[in-house]
Structure formats: C-alpha cells, structure tokens
Amino acid sequence: MGQIKFEYQEVIQKRRELIRYASRITGDRDLAEEVVQEAYLRLGEMAAKQPLARPGGYLARIVRNLAINRLWRSRRENEAFVPDGEAALANIVADQPSPEQMALANDQYARLEAALAELPNRTRIAVEMSRFGGAKLREIAEELGVSVTVAHELVIDGIAHCRSRLR
C-alpha cells in the first residue's frame, strides 16, 4: 500500500513547526503536541489506504482541523463547568443522544462508509480530503495531479453519490 517517506531531520523540523502552529490555535503546547501526534497517526492511516503525493501539506491540514476541534471541545467542556453545577449537568444530559439516535447515527455511518467504498479511488480520495480533511480544491487537485475543475467535479460527484445512498 501507500507509504510516506520523510527523512528523520525533515520529520523533526516539520513536527516542531506543526507544534508551534497547533499551539497558536489551541493556546496550549501540551495539547498541541497531542494534536500533532494524532495527526501523524491519521496521516499514516491515510497513507496505508492510498499513496499521498504531498503528505506534508495534508499533514498541516490535519493538524489545523484537529487543533480547531480540540479548541472547540475544550471551550465546550469549560462551558459545562460553570458555578451552577445542576444547570450545567442538565445541559450535559440534554445534549446526550438517546439510544435510538445513536443507533440511527451508527447506521448512517455504516451506510456512508459503504457509499464511499463504492466510489472510484480518485473520487473517494477527493471526497475524503474535502469533507474529512478540510482540504481546499487546489490542494486536492495538486494531490491527485488534476485541474481544480476536475477536483471540484470529483468532489461534487462523490458527494452526490453518497447522498443518494443515504436516502
């Protein structure tokens, strides 16, 4: 399968840059280090599925998205721990999905995975980069070696296919 090739010094330098980048987003160096480590793991998982022409750019995008998600989650958790503990607890309980909602969500997730698996490889990569990796069309085009117009068409076609399978 795909394999990522980085020189040791390149990995160390890139890691430092990514930690600084994630730290600026999260405001917490320890959290930034966790984000970067998780990003490397996710990049490895993606590379095992398909070859990545520009793993460095994709890695930066993963770090950005993870850092923003962690910051959002951290802020949300902090909002839950307000002085009025009972009100906060009621909000947390109200935010929890019911078992029925969880079952529906799991079913939809399985159907989405199946729909993605039906897509041609290039289209699936474009959709995953766009929707899960937050990549811009230009980045997708560079990764796949196609024009921005073709990248846009791949994403649109893939999303339309997934929507039709989820109906």
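In the full protein assembly as shown, how much of ARG73 is accessible to a 1.4 Å probe, in Å² to the nearest 10?
Surface open to solvent at ARG73 totals about 110 Å².
Of ILE68, ILE159, ILE25, which has the most accessible area with a 1.4 Å probe, and how do the rest follow in descending order? Please report the intermediate quantities before stating the final value.
Numbers: ILE68 70, ILE159 20, ILE25 45 Å².
Reading off the accessible areas and sorting them downward yields ILE68, ILE25, ILE159.
Using amide H atoms built 1.01 Å from N in the peptide plane, name the residues 5+ places from ALA135, or on other chains, whose amide H lies under 5 Å from its own.
Sorted by chain and number, the residues that satisfy this are SER130.
Tell me, what is the 1.4 Å probe accessible area of GLU139, in Å² to the nearest 10?
Its accessible surface works out to 40 Å², give or take rounding.
Which of rounded, prolate or oblate describes segment 107-167 when judged by the alpha-carbon gyration tensor and an a/c cut-off of 1.5?
On the way: a/c = 2.34, a/b = 2.03, b/c = 1.15.
Prolate, since a/c reaches 1.5 and a/b exceeds b/c.
Using the basic label-point model (7 angstrom from Cα toward the beta carbon), what is the ILE156 to ARG29 distance in nanometres?
Placing both labels 7 Å beyond Cα along the Cβ direction yields 4.8 nm.
What figure, in Å² to the nearest 10, do you get for the accessible area of ASP157 with a 1.4 Å probe and non-protein molecules left out?
Accessible area of ASP157: about 100 Å².
Among HIS161, HIS152, what's the order by accessible area (1.4 angstrom probe), most exposed first? Before the final figure, lay out each step's value.
Details: HIS161 45, HIS152 85 Å².
Order by accessible area, largest first: HIS152, HIS161.
Between VAL148 and ALA53, what's the calculated FRET efficiency when r is the beta-carbon distance and R0 is 22 Å? Round to 0.05. Before the final figure, lay out each step's value.
On the way: r = 15 Å, r/R0 = 0.70.
That gives a FRET efficiency of 0.90.
How large is ³J(HN,Hα), in whole Hz, for each residue of segment 115-120 in order, when computed from phi with the Karplus curve 6.51 cos²θ - 1.76 cosθ + 1.60 and θ = phi - 60°, using x for Gly and Pro?
Result, ordered by residue: 5, 5, 5, 6, 6, x Hz.
Counting only other residues whose beta carbon sits under 15 Å from that of MET129, what net charge do I get with K and R as +1, D and E as -1? Mind dumping the intermediate values first?
On the way: positive: ARG42, LYS49, ARG54, ARG61, ARG64, ARG122, ARG124, ARG131, LYS136, ARG138; negative: GLU45, GLU128, GLU139, GLU142, GLU143, GLU153, ASP157.
My count for the surroundings of MET129 gives +3.
If R0 is 41 Å, what FRET efficiency do you get for LEU166 and ARG20 from their C-beta distance, rounded to 0.05?
Working: r = 39 Å, r/R0 = 0.96.
Here the calculated transfer efficiency is 0.55.
Show me, for segment 59-71, the HN-Hα J-couplings you get by feeding each phi into the Karplus relation (A = 6.51, B = -1.76, C = 1.60, θ = phi - 60°), rounded to Hz, glycine and proline as x.
Taking θ as phi minus 60°, the curve returns 4, 4, 5, 5, 4, 4, 5, 5, 4, 5, 4, 5, 4 Hz for segment 59-71.
The values are calculated or read from the model by the stated rules, or taken from the named source; none is laboratory data. The structure presented is a predicted model; accordingly, all values stated were derived computationally and were not measured. Please note: Cβ atoms are built from the backbone with ideal geometry, for glycine as well, and neighbour counts cover all protein chains shown. Areas reflect the complete protein model, heavy atoms only, side chains present, ligands, DNA and RNA absent. Shrake-Rupley method; radii C 1.70, N 1.55, O 1.52, S 1.80 Å.
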